[in-house]
Amino acid sequence: MHVVILGAGSVGCFIGGAWQAAGLSVSFIGRERVRDEVARHGLMLSDHEGWRVRLAHDLVDFSTKPAALAKADVIALCVKSSDTEAAARQISAHAKRKPVVISFQNGIDNVERLSAALPSLEIIQGMVPFNIAHLGDGRWHKGTSGELAAGRSQATEAIAARAKSGPARLRLADDMVGLAWGKLLINLNNAVNALSGETLLDQLSKRDYRRVVAASMVETLDLLAAAGIEPAQVGPLSPKLLPHAIAAPDFIFKNLLLRVQKIDPQARSSMADDLAAGRTTEVDYLNGEVVRLAERLGRNAPVNRTIVNLIKQREAGVEQLWSPDQLRKYVMEGHRGVAIFGY
Ligand SMILES: NC(=O)c1ccc[n+]([C@@H]2O[C@H](COP(=O)([O-])OP(=O)(O)OC[C@H]3O[C@@H](n4cnc5c(N)ncnc54)[C@H](OP(=O)(O)O)[C@@H]3O)[C@@H](O)[C@H]2O)c1
């Protein structure tokens, strides 16, 4: 069974490299800049628990051409959610062996969009609960805890049987919809981090930023309950406890969450990185997904809608960074004149 990583960036290089080190047959499709970096340095992977792997450059089969999809039995899709349709077109044009496609992307609707574009292929939901930082010179680092997960199928069972330990390990899960929403709840911090301009640690140490995140979580949980969707636990706290822990006073938050969830001091959310690089962010697939859920239910999602709008302004070139107090007032009470939540 041959696995092709489509979209070899942070997640793709890490998962692909860890699987290859575990004995799976893997190749990578990505951009020239990543291919050149890997050609110079090989792939050096590490995690926060001291795990280390180095794959020499001549052991890494890295192509920039979608034609390399022809040899895929399994495609691990690791592009950003805004690139899903373009990737699906490449799969449709170049895949030869009816590959199974596993989406390791954040967001909720990638599997649905892939199934619509590739009706004859089996599409599986995957989930990456941890953070991968690209450190340069061929190095990618898993900075937080958590285990890769994917829905059950023959292909994922075969991968799980091979990739049994370390960060390559694949947990097979039955409730992937719940897990995807559980992950989305955590990703609601991405936009607030991007609007703050601070590192994750600095942003999370400020309660007013956390209150905004908590408000977006409460709004999401409320809509999920109305839709009959149960988000699954991803990380140390249950979805219901999460907003309360996030909005808690600083000393409780630091002793509760920051003790168990290690965060590299330099880490920022990928949405902050996207804005810094002038790229479109994934906000439409995170907070925007909550806004669409509200619309389907005939309801509103004012907190998440406001956050989407602020990120869109940044994408359009408005440089404004938000102080904790400014952001809390603007999102939770400011322009509507009412406090939405008691946090
Ligand atoms: N990084 C994390 O810690 C993390 C953790 C959990 C989940 N995720 C999710 O995983 C997904 C990938 O994130 P990431 O951080 O790995 O993104 P990334 O570092 O930007 O990697 C994606 C790579 O794929 C390339 N690409 C896009 N379309 C392609 C195509 N058709 N063929 C070849 N290469 C293509 C991109 O190039 P261009 O930039 O030139 O388009 C980029 O180099 C996202 O949905 C993200 O939310 C990320």
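Filtering the stretch 1-16 to residues that are open to solvent by less than 40 Å² (accessible area, probe 1.4 Å) and either more than 20 Å from Thr156 (Cα to Cα) or more than 18 Å from the chain's Cα centre (by Cα) (or both) leaves His2, Val3, Val4, Gly9. If you go through the stretch 114-134 and keep only what is within 15 Å of the ligand (Cβ to nearest atom) and of a type outside the set (A, V, I, L, M, F, W, C), you end up with Gln125, Gly126, Pro129, Asn131, His134.
For the stretch 275-291: of the residues being without any contact (Cβ under 8 Å) to a residue 40 or more places away in the chain and surrounded by 15 or more Cβ atoms within 10 Å (Cβ to Cβ), which is farthest from the ligand (Cβ to nearest atom)? Across the stretch 275-291, the extreme among qualifying residues is Val291.
Answer yes if at least one residue in the stretch 86-96 is away from the ligand (no atom under 11 Å from the Cβ), in contact (Cβ under 8 Å) with a residue 24 or more places away in the chain and not in a helix (DSSP H, G or I), and no otherwise. Yes - at least one qualifying residue is present in the stretch 86-96. Here is the figure for the stretch 13-39: residues that are more than 15 Å from Ala161 (Cα to Cα), hydrophobic (A, V, I, L, M, F, W, C) and either without any contact (Cβ under 8 Å) to a residue 40 or more places away in the chain or touching a Pro at 6+ places or on another chain (Cβ under 8 Å) (or both) total 6. Scanning the stretch 40-61 for residues that are in contact (Cβ under 8 Å) with a residue 40 or more places away in the chain, surrounded by 17 or more Cβ atoms within 10 Å (Cβ to Cβ) and more than 23 Å from the chain's Cα centre (by Cα) returns Gly42, Val60.
Applying the set (1) more than 19 Å from Arg162 (Cβ to Cβ); (2) near the ligand (Cβ under 10 Å from one of its atoms) to Ala56 leaves exactly one unmet item: (2). Look at the stretch 124-139: where a residue is within 22 Å of Asn189 (Cα to Cα) and in contact (Cβ under 8 Å) with a residue 12 or more places away in the chain and a partner is open to solvent by 30 Å² or more (accessible area, probe 1.4 Å) and within 7 Å of the ligand (Cβ to nearest atom), sitting 6+ places away or on another chain with Cβ atoms under 6 Å, you get Val128/Val11; Ile132/Ser10; Ile132/Val11; His134/Ser10. In summary, Val79 fulfils each of the numbered conditions (1) more than 10 Å from the ligand (Cβ to nearest atom); (2) under 13 Å from Gly30 (Cα atoms); (3) surrounded by 15 or more Cβ atoms within 10 Å (Cβ to Cβ) with the single exception of condition (1).
Of all residues in the stretch 236-274, how many are among the charged types (D, E, K, R), within 16 Å of the ligand (Cβ to nearest atom), open to solvent by less than 70 Å² (accessible area, probe 1.4 Å) and part of a helix (DSSP H, G or I)? Of the residues in that region, 1 qualify.
For Pro119, the requirement of being in the same structural domain as Ser46 (by TED's automatic domain parsing) and either modelled with pLDDT of 95 or more or surrounded by fewer than 24 Cβ atoms within 10 Å (Cβ to Cβ) (or both) is met.
Look at (1) over 30 Å from Glu319 (Cα atoms); (2) touching a Phe, Trp or Tyr at 6+ places or on another chain (Cβ under 6 Å); (3) among the small types (Gly, Ala, Ser) and you find that Ala247 fails only one, number (1).
The values are calculated or read from the model by the stated rules, or taken from the named source; none is laboratory data. Every value quoted in this text rests on a predicted model; they were computed, and no experiment measured them. Note that each Cβ is placed from the backbone with ideal geometry, even for glycine, and that neighbours are counted across all protein chains shown. The accessibility values were calculated without ligands, DNA or RNA, using every heavy atom of the protein model including side chains. Shrake-Rupley method; radii C 1.70, N 1.55, O 1.52, S 1.80 Å.
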